[in-house]
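Q: I have a structure I would like to understand better, so I am pasting it below and will then ask my questions one at a time.
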Amino acid sequence: MQTVQNHTAAGSAGVNAAVNIEDIMQQVAEHKGCGTSGGSGKASCGSGAGENDLPPEIWEKVKNHPCYSEEAHHHYARMHVAVAPACNIQCNYCNRKYDCANESRPGVVSEKLTPEQAAKKVLAVASTIPQMTVLGIAGPGDPLANPEKTFKTFELIAKTAPDIKLCVSTNGLALPDHVERLSQYNIDHVTITINMIDPEVGAKIYPWIYYNKKRYTGVEAAKILTDRQLQGLEMLTERGILSKINSVMIPGINDQHLVEVNKAVKSRGAFLHNIMPLISAPEHGTVFGLTGQRGPTAQELKALQDQCEGEMNMMRHCRQCRADAVGLLGEDRSAEFTTDKIMEMEVNYDLDARKAYQEAVEKERQAVVAAKQEELQTLAGAHSDIKMLIAVATKGGGKVNEHFGHATEFQIYELSTSGAKFVGHRRVDLYCQGGYGEEDTLGTVIRAINDCHAVFVAKIGGCPKNDLKTAGIDPVDQYAGQFIEQSAIAYFREYLEKVAAGEIEHVVKGDAEIRQGALIAA
Amino acid sequence: MAYMIVEENCTGCCACEPECPNQAISEASNGLFVIDPAKCTECIGHYDEPQCVAVCPIDLTCIIDDNYPRYEAA
């Protein structure tokens, strides 16, 4: 696996090195029929989340992984099973006493599963949802604080559903003790949550850790944690196991520091960095919720992600899913697969049928890429400094195919002469509302996409159309059913033409709000 | 004395169970955890601090049960 390790480093470092880009992109292009779009000195297919900058063998590993590939998440689904709720550290953004929207906990919302139940659930889901390709154990708690249950689950699934990719998410404290075993189970994706490399910063995030049979607090605890996290990351890299880093952006505590974290993890071989906004509301009962620590705004988050993007691939489509989430990102089907229902389900795990389905998905996916490439040609030679954001209502498949009023989230694309680049998503309909209630749904939508110049929808009523226009957001329904990026580029080209002709004046839009809380089942 | 788990505080996270050196902690039918006072040694002779207290994420969940005499190492 030594080669993989070297390529990981080269893939990240090579992003800014002109010498390597053409070679890398050529290989990627041959692999998936995609050319280069150029722009901002960074080669990509224009989607911008960066997976296409990866060397082919890494791309091959992650291309069908909805959590790693921003484009794949339209087409492939994942599930999490909660088997190991124990944790060995305390975070100020987590409260294990009260249930809240961003995690499911035993005894409150969903059940903790035994490894046997989890394996049955995976088979049941994979038989029902053929595009389900990834199983993660991501909490609640730390999967490596309860390694026996975690590894037993992986073992059972590897036996019964060998085509499913396995991954694990950890705070890293116990990671160095388990890297060897992770490599034995052929788990090639590990996520480590790293919020700091400076123990002084860490002391503000972690009140205590439990390590070597002792509880440590303060700077001492944070020092142990950061040392163990970085050691674990290095060990994973040495064994060719892909590592993604999650960081929670906490304004005033680690927001600027995350640039340093980004450099530290990149230099140790992490292939993707996912900076997520802090989720913090008083009713969650977390330390940060109670002290009034705010989360970042949409522009603060994007600015930090942009700042780190020159360093390595950034992940921008994370939904901060629940620990028992099932299905496509942004479409939680966990309610269909409760333990009672699973135990009754007749499971017919048909590997060939799954393969056939996934091949059809792959064709659809290539059509999306081809359509975008074709449209991108029409922007060739256009020069403008104008950048703008648009919001898109979509049900998936990379198309503009959701009614404005039915959208529970909007996908945000940044348009420039380099093309349309995915930069994030904004939730507008959360079941755990965090203080918004039922009032003023349209106002909620406008606050969430207030930094966008336009919103692309399949259909929209007259009233919201007018209100959006008043708010300076252009409601666009002419691309209903069409590919998102292709449509966005066509729209942008027309926009530039109108600006050039003096028909419209380009104005810079304001900031937008990130709605707190993770999507939970209806 | 032995340690006990305050039921209304326990979240059933199972962090304590594998840490107990005496296998005194087990899962009850309600998904929460209980300590068998007959097996609890307060970790005396094993560790500097009782492991259930050190690892439990909720304060005042693993507490001394005054109904039992102080444990004395043999």
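Q: Can you pull the mean other chain C-beta count within 10 Å for peptide A:205-217?
A: Taking all residues of A:205-217 together, the mean is 3.
Q: So how do A:474, A:188 rank on accessible area, 1.4 Å probe, biggest first, that is with the largest at the start?
A: A:474, A:188
Q: If you don't mind, another one. Could you work out the mean count of beta carbons from other protein chains within 10 Å of each residue's beta carbon in B:6-14?
A: 5
Q: Which whole-angstrom value gives the distance between the alpha carbon centres of the stretch A:439-470 and the stretch B:5-74?
A: With the stretch A:439-470 and the stretch B:5-74 each reduced to a Cα centre, they are spaced 54 Å.
Q: Heads up, I need the accessible area for residue A:508: 1.4 angstrom probe, whole protein in place, Å², nearest 10.
A: Counting only protein heavy atoms, the figure is 130 Å².
Q: OK, next. Under a plain spin-label model, where a point goes 7 Å from the Cα along Cα-to-Cβ, how far apart in nm are residue B:60 and residue A:291?
A: My value for the distance between the label points is 2.1 nm.
Q: How big is the equivalent ellipsoid of the stretch A:285-382 along its three axes, where each semi-axis is √(5λ) from the Cα gyration tensor, reported in whole Å from largest to smallest?
A: In descending order the semi-axes read 34, 31, 10 Å.
Q: Determine, for each peptide in A:450-457, A:367-374, A:135-142, the mean count of other beta carbons within 10 angstrom over its residues, then list the peptides with the highest first.
A: Order by mean packing, descending: A:135-142, A:450-457, A:367-374.
Q: In the structure shown, do any of A:399/A:498; A:112/A:363; A:152/A:399; A:149/A:421; A:63/A:152; A:363/A:459 have a Cα-Cα gap over 29 Å, and if so which?
A: Pairs exceeding the cut-off: A:112/A:363; A:152/A:399; A:149/A:421.
Q: Something else about it: What average count of beta carbons from other chains do you get within 10 Å of the Cβ of residues in B:19-26?
A: 1
Q: What is the dipole size for the stretch B:2-65, taken about its Cα centre, with +1 at each Lys and Arg Cβ and -1 at each Asp and Glu Cβ, in debye to the nearest 20?
A: The dipole magnitude comes to about 120 debye.
Q: Regarding the stretch B:2-65, what are the three Cα extents along the principal axes, ordered largest first, in Å?
A: 31, 21, 20
Q: Take the Cα atoms of the stretch A:435-503, build their convex hull, and give its volume per residue in Å³.
A: Dividing the Cα hull volume of the stretch A:435-503 by its residue count gives 111 Å³.
Q: On full extension of the chain, what length is gained from residue A:466 through residue A:505, given 0.36 nm per residue of separation minus the C-alpha to C-alpha distance?
A: Answer, rounded to one decimal: 12.1 nm.
Q: Tell me, what is the per residue accessible area of chain B in Å², probe radius 1.4 Å?
A: 54
The values are calculated or read from the model by the stated rules, or taken from the named source; none is laboratory data. Model, not experiment: these values are computed from the prediction. Cβ: placed from backbone, ideal geometry, glycine included. Neighbour counts: every protein chain shown. Areas reflect the complete protein model, heavy atoms only, side chains present, ligands, DNA and RNA absent. Shrake-Rupley method; radii C 1.70, N 1.55, O 1.52, S 1.80 Å.
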